[in-house]
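Taking it in order: structure first as C-alpha coordinates, then the write-up.
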Amino acid sequence: QKDNRDRLEKGWEIVLRNVSRIRSMVLDILYYAKDREPILEQVPICELVSEVCSIIKGKAEEQNIKYICESEDNIGAFEVDRQAIRSLLVNLLENSIDACRVDNKKTEHQINFKITSEGDNIIMVIQDNGIGMERETCEKAFSLFFSSKGNEGTGLGLFIANKIATTHNGSIHLESGVNEGSTFTVRIPRLN
(Lines give C-alpha, C1' and ligand atoms only; values in the text may rest on other atoms or scores of the structure.)
Protein backbone atom coordinates (compact mmCIF):
# COMPACT_ATOMS: atom_id res chain seq x y z
CA GLN A 1 0.00 0.00 0.00
CA LYS A 2 2.85 2.37 0.78
CA ASP A 3 4.58 1.50 -2.52
CA ASN A 4 7.86 0.83 -0.71
CA ARG A 5 9.87 -0.74 -3.54
CA ASP A 6 12.95 -1.55 -1.39
CA ARG A 7 10.87 -3.42 1.16
CA LEU A 8 9.07 -5.29 -1.60
CA GLU A 9 12.35 -6.35 -3.25
CA LYS A 10 13.83 -7.52 0.07
CA GLY A 11 10.67 -9.47 0.85
CA TRP A 12 10.66 -11.06 -2.59
CA GLU A 13 14.34 -12.04 -2.12
CA ILE A 14 13.41 -13.83 1.11
CA VAL A 15 10.52 -15.61 -0.61
CA LEU A 16 12.75 -16.79 -3.48
CA ARG A 17 15.46 -18.00 -1.10
CA ASN A 18 12.92 -19.94 0.97
CA VAL A 19 11.27 -21.46 -2.12
CA SER A 20 14.73 -22.63 -3.20
CA ARG A 21 15.39 -24.11 0.26
CA ILE A 22 12.02 -25.90 0.27
CA ARG A 23 12.62 -27.29 -3.22
CA SER A 24 16.05 -28.53 -2.22
CA MET A 25 14.66 -30.07 0.97
CA VAL A 26 11.83 -31.87 -0.88
CA LEU A 27 14.27 -33.27 -3.45
CA ASP A 28 16.55 -34.48 -0.65
CA ILE A 29 13.65 -36.15 1.15
CA LEU A 30 12.46 -37.81 -2.07
CA TYR A 31 15.96 -39.04 -2.87
CA TYR A 32 16.38 -40.41 0.65
CA ALA A 33 12.93 -42.02 0.73
CA LYS A 34 13.33 -43.85 -2.58
CA ASP A 35 16.36 -46.09 -2.73
CA ARG A 36 17.06 -46.32 -6.44
CA GLU A 37 19.73 -47.60 -8.76
CA PRO A 38 21.55 -44.89 -10.71
CA ILE A 39 20.55 -44.43 -14.35
CA LEU A 40 23.98 -44.47 -15.96
CA GLU A 41 24.79 -42.68 -19.19
CA GLN A 42 27.86 -41.17 -20.83
CA VAL A 43 27.85 -37.54 -19.72
CA PRO A 44 30.23 -34.93 -21.16
CA ILE A 45 31.89 -33.46 -18.07
CA CYS A 46 32.08 -29.91 -19.45
CA GLU A 47 28.35 -30.03 -20.20
CA LEU A 48 27.50 -31.11 -16.64
CA VAL A 49 29.85 -28.50 -15.15
CA SER A 50 28.20 -25.82 -17.29
CA GLU A 51 24.74 -26.85 -16.01
CA VAL A 52 25.90 -26.74 -12.38
CA CYS A 53 27.69 -23.41 -12.85
CA SER A 54 24.59 -21.82 -14.38
CA ILE A 55 22.56 -22.88 -11.32
CA ILE A 56 25.11 -21.64 -8.78
CA LYS A 57 26.51 -18.48 -10.37
CA GLY A 58 23.41 -16.35 -9.77
CA LYS A 59 23.03 -17.61 -6.19
CA ALA A 60 26.64 -16.69 -5.42
CA GLU A 61 26.28 -13.25 -7.01
CA GLU A 62 23.14 -12.55 -4.94
CA GLN A 63 25.27 -13.04 -1.81
CA ASN A 64 28.24 -11.00 -3.15
CA ILE A 65 30.39 -14.13 -3.32
CA LYS A 66 33.05 -14.41 -6.01
CA TYR A 67 32.50 -17.69 -7.86
CA ILE A 68 35.25 -19.25 -9.97
CA CYS A 69 34.63 -22.37 -12.05
CA GLU A 70 37.57 -24.07 -13.79
CA SER A 71 37.68 -27.26 -15.81
CA GLU A 72 40.57 -29.11 -17.39
CA ASP A 73 40.57 -28.78 -21.20
CA ASN A 74 39.31 -31.80 -23.17
CA ILE A 75 38.38 -33.64 -19.98
CA GLY A 76 35.95 -35.89 -21.85
CA ALA A 77 33.03 -37.79 -20.36
CA PHE A 78 32.17 -40.14 -17.53
CA GLU A 79 29.50 -42.78 -16.96
CA VAL A 80 27.18 -41.40 -14.27
CA ASP A 81 23.61 -40.68 -13.32
CA ARG A 82 23.49 -37.07 -14.58
CA GLN A 83 20.71 -35.93 -12.26
CA ALA A 84 22.32 -37.49 -9.18
CA ILE A 85 25.80 -36.05 -9.81
CA ARG A 86 24.31 -32.64 -10.58
CA SER A 87 22.39 -32.84 -7.28
CA LEU A 88 25.57 -33.83 -5.40
CA LEU A 89 27.52 -30.87 -6.80
CA VAL A 90 24.73 -28.32 -6.35
CA ASN A 91 24.31 -29.48 -2.75
CA LEU A 92 28.02 -29.03 -1.95
CA LEU A 93 28.16 -25.66 -3.71
CA GLU A 94 25.04 -24.41 -1.91
CA ASN A 95 26.63 -25.46 1.38
CA SER A 96 29.65 -23.34 0.44
CA ILE A 97 27.37 -20.39 -0.34
CA ASP A 98 25.70 -20.80 3.07
CA ALA A 99 29.10 -21.00 4.80
CA CYS A 100 30.14 -17.73 3.16
CA ARG A 101 26.77 -16.04 3.69
CA VAL A 102 26.81 -16.51 7.47
CA ASP A 103 30.48 -15.58 7.85
CA ASN A 104 30.67 -11.99 9.09
CA LYS A 105 34.40 -12.06 9.92
CA LYS A 106 35.59 -11.56 6.34
CA THR A 107 34.75 -8.77 3.94
CA GLU A 108 35.20 -10.85 0.78
CA HIS A 109 34.12 -14.39 0.10
CA GLN A 110 35.04 -16.76 -2.70
CA ILE A 111 34.11 -20.23 -3.90
CA ASN A 112 36.36 -22.16 -6.28
CA PHE A 113 34.98 -25.12 -8.21
CA LYS A 114 37.69 -27.02 -10.08
CA ILE A 115 37.39 -30.18 -12.17
CA THR A 116 40.40 -32.26 -13.21
CA SER A 117 41.20 -35.85 -14.08
CA GLU A 118 43.62 -38.19 -12.36
CA GLY A 119 44.06 -41.55 -14.04
CA ASP A 120 40.63 -43.15 -14.32
CA ASN A 121 39.04 -40.70 -11.88
CA ILE A 122 37.39 -37.31 -12.22
CA ILE A 123 38.28 -35.03 -9.33
CA MET A 124 35.91 -32.18 -8.44
CA VAL A 125 37.11 -29.78 -5.76
CA ILE A 126 34.83 -27.22 -4.11
CA GLN A 127 36.66 -24.78 -1.86
CA ASP A 128 35.25 -21.82 0.05
CA ASN A 129 36.57 -19.29 2.54
CA GLY A 130 33.42 -19.31 4.70
CA ILE A 131 33.01 -20.02 8.40
CA GLY A 132 34.50 -23.50 8.26
CA MET A 133 33.91 -26.32 10.73
CA GLU A 134 35.46 -27.79 13.84
CA ARG A 135 37.01 -31.27 13.61
CA GLU A 136 34.06 -32.85 15.47
CA THR A 137 31.58 -31.29 13.03
CA CYS A 138 33.62 -32.57 10.06
CA GLU A 139 33.54 -36.09 11.51
CA LYS A 140 29.72 -36.01 11.73
CA ALA A 141 29.08 -34.00 8.55
CA PHE A 142 27.96 -36.96 6.42
CA SER A 143 25.77 -38.52 9.13
CA LEU A 144 22.04 -38.80 8.57
CA PHE A 145 20.07 -35.90 10.14
CA PHE A 146 23.21 -34.15 11.42
CA SER A 147 23.24 -30.43 10.64
CA SER A 148 25.43 -27.60 11.86
CA LYS A 149 22.96 -25.06 10.39
CA GLY A 150 20.42 -25.17 13.22
CA ASN A 151 16.87 -24.65 11.94
CA GLU A 152 18.15 -23.95 8.41
CA GLY A 153 19.44 -27.49 7.83
CA THR A 154 17.73 -30.86 7.53
CA GLY A 155 20.77 -33.07 7.95
CA LEU A 156 20.01 -34.76 4.64
CA GLY A 157 22.13 -32.83 2.12
CA LEU A 158 25.64 -34.09 2.87
CA PHE A 159 24.36 -37.55 3.76
CA ILE A 160 22.70 -37.83 0.33
CA ALA A 161 25.70 -36.29 -1.47
CA ASN A 162 27.93 -38.93 0.12
CA LYS A 163 25.42 -41.68 -0.76
CA ILE A 164 25.45 -40.53 -4.41
CA ALA A 165 29.26 -40.57 -4.48
CA THR A 166 29.49 -44.09 -3.00
CA THR A 167 26.74 -45.36 -5.35
CA HIS A 168 29.06 -44.25 -8.18
CA ASN A 169 32.01 -46.09 -6.55
CA GLY A 170 33.43 -42.70 -5.60
CA SER A 171 34.07 -40.72 -2.44
CA ILE A 172 33.87 -37.30 -0.84
CA HIS A 173 36.67 -36.02 1.38
CA LEU A 174 36.16 -32.98 3.61
CA GLU A 175 38.82 -30.69 5.05
CA SER A 176 37.85 -27.67 7.11
CA GLY A 177 38.96 -25.30 9.82
CA VAL A 178 37.03 -22.75 11.84
CA ASN A 179 37.21 -19.34 10.10
CA GLU A 180 39.37 -20.91 7.35
CA GLY A 181 36.67 -22.33 5.09
CA SER A 182 36.09 -25.83 3.77
CA THR A 183 37.25 -28.00 0.90
CA PHE A 184 35.18 -30.87 -0.49
CA THR A 185 37.03 -33.23 -2.82
CA VAL A 186 34.77 -35.52 -4.85
CA ARG A 187 36.35 -38.46 -6.67
CA ILE A 188 34.22 -40.31 -9.26
CA PRO A 189 35.53 -43.05 -11.57
CA ARG A 190 35.04 -42.41 -15.28
CA LEU A 191 33.37 -45.82 -15.63
CA ASN A 192 31.08 -47.22 -12.95
Legend entry - In sequence order, calculated HN-Hα J values of segment 169-177 (Karplus, 6.51, -1.76, 1.60; Hz; x Gly/Pro): 6, x, 7, 10, 10, 10, 10, 7, x
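For segment 70-149, what does the relative contact order come out to in percent, with C-alpha contacts under 8 Å and a separation of six or more?
30 percent
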Legend entry - Protection proxy ranking of 100-107, 59-66 - average other beta-carbon atoms within 10 Å, highest first: 59-66, 100-107
Inset, instruction - Considering Cα pairs under 8 angstrom that are at least six residues apart, work out the relative contact order of segment 35-192 and quote it in whole percent. - result: 24 percent
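Per residue, how much accessible area does segment 33-182 have with a 1.4 Å probe, in Å²?
With all protein chains present, segment 33-182 gives 53 Å² per residue.
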Legend entry - Cα gyration tensor, segment 59-192 - rounded (a/c under 1.5), prolate or oblate: oblate
Inset, instruction - Grab every C-alpha pair in segment 102-145, bin the distances at 10 angstrom width from 0 up to the longest one, and report whole percents. - result: 21, 33, 38, 8, 0
Inset, instruction - Using amide H atoms built 1.01 Å from N in the peptide plane, name the residues 5+ places from residue 121, or on other chains, whose amide H lies under 5 Å from its own. - result: 190
Legend entry - Unsatisfied cross-links (Cα-Cα over 30 Å) in the set 2/57; 2/105; 57/163; 10/114; 66/140: 2/57; 2/105; 10/114
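The values are calculated or read from the model by the stated rules, or taken from the named source; none is laboratory data. From a predicted model like this one, the values you see are computed outputs, not experimental measurements. Reconstructed Cβ throughout: ideal geometry from the backbone, glycine too, with neighbour counts over all protein chains shown. Just the protein is used for accessible areas: all its heavy atoms, side chains included, with ligands, DNA and RNA removed. Shrake-Rupley method; radii C 1.70, N 1.55, O 1.52, S 1.80 Å.
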